[in-house]
Amino acid sequence: MKLITSVFSVTTLLLSLNAFASDANILTLDEAIIAAIKQDPWLKGSQHREDAIMASSVAAATLPDPVVSIGLANIPTDGFAFNQEPMTQLKAGVSQMFPRGDSLDIRRKQLEEIAQQHPLMRQDRMAKTKFAVSVKWLEIFRAQQTIALIEEDRALFEQLAEVAQASYSSAIGKVRQQDIVRAQLELTRLDDRLTKLHSQKEQAMAELLEWLSDESSWSKNLVKYAQIISLPSTAPAIEPLYLSAKEALESKDLQILANLLNEHPFVLGIEQKIRASATGIDLAKQQYKPQWGVNASYAYRADDQLNRSRADFISLGVSFDVPLFTNNKQDKEVSAAISQTEAMKTEKRLAMRALLSQLQSAYAAHVRLVERKALYASDILVQMSEQAEASLTAYTNDDGDFAEVIRARIADLNARIDALNIDVDLLKSQSQLNYFFSDVPAAANTRFGDN
């Protein structure tokens, strides 16, 4: 039985060897988030859309181009001579239309309000990207650390199986053949778990690289990156942004939470859409006003056939339409604009309800994870370790069963994996809570898409 007790000194050796692992190609969570935001084509597209709308707002505030006309009037068909008839003229004119009321300024204002939505949308996108990348990174971290735990214990199980085989062959102790089979079975099951975890890690890495790779390097470097990138061996520190709302979350004060969520970039983006839509009501009301136009023309007449001079003509005019029949046009356009604005207000209310529900659900899960973490740290992990040590001690003193030693070690390993899962889920819940109180610095002033 002295051989069995010596097995546990190997674990210390294995742990010390891990300290010499290379730090090359280590990808931290902060680095992954920064790279994902930098490589996100959606942000660049949003910047281009904002620039396009701002350019359109300048164009929308400009008067329509004047219309120039040149023509011959009253040409006699019996000789087509320019000086035959006194009414024959070479005429040049210009006309200019003026849009209804203040529609140019209002349309410019509406487009500017639409453009102002894009910085808020980018801020929300960056917050969502931060959360999505954090989830992918933590899934890789979970798989990596679980693999490390299993590989550490696998060496222990291998040596337990070897010692059991030696004891069975020498007929020393109470080792039975079924104990040897059980030890080999647990090793096989550990190998299966390792294979599954490696698969999960590779899939999560591929999903993470979708955020990190640009179009030029995606297909070329995907496999290479997935093979060489590794994560730190310690969990990242995620700064909580929800502490200011903790009291309201605990008391479930929906009014305070709603006021806080009103400052969320997603909600502010919808509010900006509502402003632009409300401006559309003012724009629709301009249709009740007439559209004005001015025109001027100059008509040249040639001398008559006796070389007598003829006076040229100048014409000036003003035109405007009269919106008299408004029931089926102007009234309906204003009604449509009002309904559109009310629909967007409904969209904001739905968004607020969804965010409040998601926030409360995320915080409830977070609280339970904190409780489970404390329970594992104070009781379960300690009790599992003590149970494993007690079963080994009993077996060493010929007062226990080898199968019980295996079961206790497996239970201890599972408990440590469960504790790891709780830690990772806790970090994920912190990232999710941070999204509701996102604070991406200088998001509205950051330009994307520039070379």
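Under a Cβ-Cβ cut-off of 15 Å, what is the net charge of the residues other than Leu257 that fall near it, where Lys and Arg count +1 and Asp and Glu count -1?
Combined, the nearby Lys, Arg, Asp and Glu give 0.
HN-Hα J couplings of region 285-292 from phi, Karplus 6.51/-1.76/1.60, θ = phi - 60°, integer Hz, Gly and Pro as x?
Values, residue by residue: 5, 5, 5, 6, 8, x, 9, 9 Hz.
Determine ³J(HN,Hα), in whole Hz, for all residues of region 296-310 in sequence, where each value follows from phi through the Karplus function 6.51 cos²θ - 1.76 cosθ + 1.60 and θ = phi - 60°; x replaces Gly and Pro.
Using θ = phi - 60°, the values come out as 8, 9, 10, 10, 9, 10, 6, 4, 6, 5, 9, 6, 8, 5, 10 Hz.
Using the Karplus curve 6.51 cos²θ - 1.76 cosθ + 1.60 with θ = phi - 60°, work out ³J(HN,Hα) for each residue of region 87-98 in order, rounded to whole Hz, and write x for Gly and Pro.
Running phi through 6.51 cos²θ - 1.76 cosθ + 1.60 with θ = phi - 60° gives 8, 5, 9, 9, 10, 10, x, 9, 9, 9, 9, 10 Hz.
Here, each number is a calculation from the coordinates, and none is a lab measurement. What you see is a predicted model; the values in this text were computed from it and never measured. As a convention, Cβ positions derive from the backbone with ideal geometry for all residues, glycine included, and neighbour counts pool all protein chains shown.
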